[in-house]
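Just so it is clear, none of the values below were taken in a lab; they were calculated from the coordinates. Everything numeric in this text was worked out from a predicted model, so none of it was measured. Glycine gets a Cβ as well: all are built from the backbone with ideal geometry, and neighbour counts include every protein chain shown.
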Amino acid sequence: MKQLIDPYNRKIDYVRLSVTDKCNFQCFYCRPSLFKQEFVPDHSYLTVADIEKLFIVLGRLGIRKVKLTGGEPLLRKDIVDIVRVLRDNSYIQDISLITNGFFLEKKAFDLKEAGLHRVNVSLDSLNEKSFQKITQTLSLERVKKGIVKAYDVGLEPIKINAVLVKGMNDEELFDFVRFSIHYPFIVRFIEFMPTGFTQAEHQVYYFSNHEALLRIKEKFSLTPKIQKEQTGPSSYFKVDGGKGEIGFISPLSHNFCDKCNRIRITAKGDLKLCLFSQEDRNLLSILRSSHWEKKLEETLIENLRLKPKHHDLGKGQIGNVQSFVNIGG
Ligand code: SAM
Ligand code: SF4
């Protein structure tokens, strides 16, 4: 049995696959108003057939977990077919999807039927005004309905992601904690990363999870959750009397790169070994060539040698000039 292992002895078993770079939201931290996005031309997108082939090889190399992302993955008309080919891949054990929730009410049932296991939903504010300020949309209620529907059809556990932005939603910390008390969801606070921002801009808006945890502990009683395996920059707590949990994703204040188990593949098939690495290797032409299985396997193994040991965002390194919407968050 083959297994992708990088030069730092990290076992890679998780792929975050972006299926589109398009989005119907314009989140402040991801697609700021001055951000000029160049979209992938339609013919360069990985098709369902490309994705099927890609994961045949990735599965043989030890990939077991896939997260579908974007852009907004539910904008892809064939998203249910993408889930289905992953479900039919005997190597893949966990299929999840991260969404802004706008189309979730409409699509949750079909996604579940097709084999999706769970969803993460971005929800940066529980207040319509701040939600509008952050996302440039008036869709808070619609997103909430999507979350309820996802829960009803069993796309669990449901994780709610909130990027903390100083001056925009940091005042809502306690409201989010209460949300996790009232509902059986895992509310995760995510540190704002400087993708496509200058260091000075980032400093204005950055709110550390360290600070968030200190504030929450002053008001609520928390019990840390023991995680089976620590492979990401996250820690979880049960709040006294709560139905759900809270979590902290802290790539800046706590660097977990030594436990990294993931690679990313963009909507046009670029292999990204780290969110912040600049070197991409396009896999699309290989997937559409003859002898693709052998070539793809060799390319993946060879390129994994370039996976960086860590990023230096905590030390002031500025992230990839590309935003998450291009790479796949
Ligand atoms: N559109 C979907 C959504 O919003 O959930 C999926 C794609 S989005 C790029 C994936 C995740 O990246 C979201 O949870 C979003 O909050 C996060 N994200 C985007 N830009 C970020 C940034 N600069 N810092 C931290 N997280 C970011
Ligand atoms: Fe779109 Fe998600 Fe980026 Fe917001 S975070 S702009 S919803 S891709």
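Some points to look at:
- The chain - mean residue ellipticity at 222 nm from DSSP helices (-39,500 (n - 2.57) per run, n ≥ 4, rounded to 500): -9000 deg cm²/dmol
- Mean separation of Cα contacts under 8 Å, 6 or more apart, over the residue count of segment 14-315: relative contact order %: 17
- Mean Cβ count within 10 Å, highest first, over the residues of peptides 67-79, 142-154, 203-215: 67-79, 142-154, 203-215
- 20 °C / 1.002 mPa s Stokes-Einstein diffusion coefficient of the chain, Kirkwood radius on C-alpha pairs, µm²/s: 106
- The equivalent ellipsoid that matches the C-alpha gyration tensor of segment 98-236 spans semi-axes of 25, 19, 15 angstrom, in descending order.
- Phi-based couplings in Hz for segment 111-118 (Karplus 6.51, -1.76, 1.60; Gly and Pro marked x): 5, 4, 4, 6, x, 5, 8, 7
- Highest-first packing order for the peptide set 93-106, 282-295 is 93-106, 282-295, based on the mean count of other beta carbon atoms within 10 Å.
- Note on Met193, Met1: ascending count of other Cβ atoms within 10 Å places them as Met1, Met193, the fewest first.
- Order of Thr135, Thr195 under a 10 Å beta carbon neighbour criterion, fewest first: Thr195, Thr135
- Among 178-188, 257-267, the peptide with the highest mean count of other Cβ atoms within 10 Å heads the list, and the full ranking is 257-267, 178-188.
- Neighbour-count order for Val66, Val239, fewest beta carbons within 10 angstrom listed first: Val239, Val66
- Phi angles across segment 128-144 convert, under the Karplus curve 6.51 cos²θ - 1.76 cosθ + 1.60 with θ = phi - 60°, into 3J(HN,Hα) values of 4, 5, 5, 4, 5, 4, 6, 9, 6, 9, 10, 10, 3, 5, 5, 5, 4 Hz, Gly and Pro given as x.
- Residues whose amide H lies under 5 Å from that of Arg188, counting only those 5 or more places away or on a different chain, are Ile160, Asn161, Ala162, Gly247; hydrogens are built 1.01 Å from N in the peptide plane.
- Beta bridge orientation in segment 14-315: antiparallel %, DSSP, nearest 5: 30
- Disulfide-incompatible cysteines by the Cβ rule (no partner under 4.7 Å) in the chain: Cys23, Cys257, Cys260, Cys274
- Across segment 283-294, rounded Karplus estimates of 3J(HN,Hα) from the backbone phi angles (6.51 cos²θ - 1.76 cosθ + 1.60, θ = phi - 60°) give 9, 4, 5, 5, 4, 9, 9, 6, 6, 4, 4, 5 Hz, Gly and Pro being marked x.
- Net dipole in debye of the chain [+1 Lys, Arg Cβ; -1 Asp, Glu Cβ; about Cα centre; nearest 20]: 460
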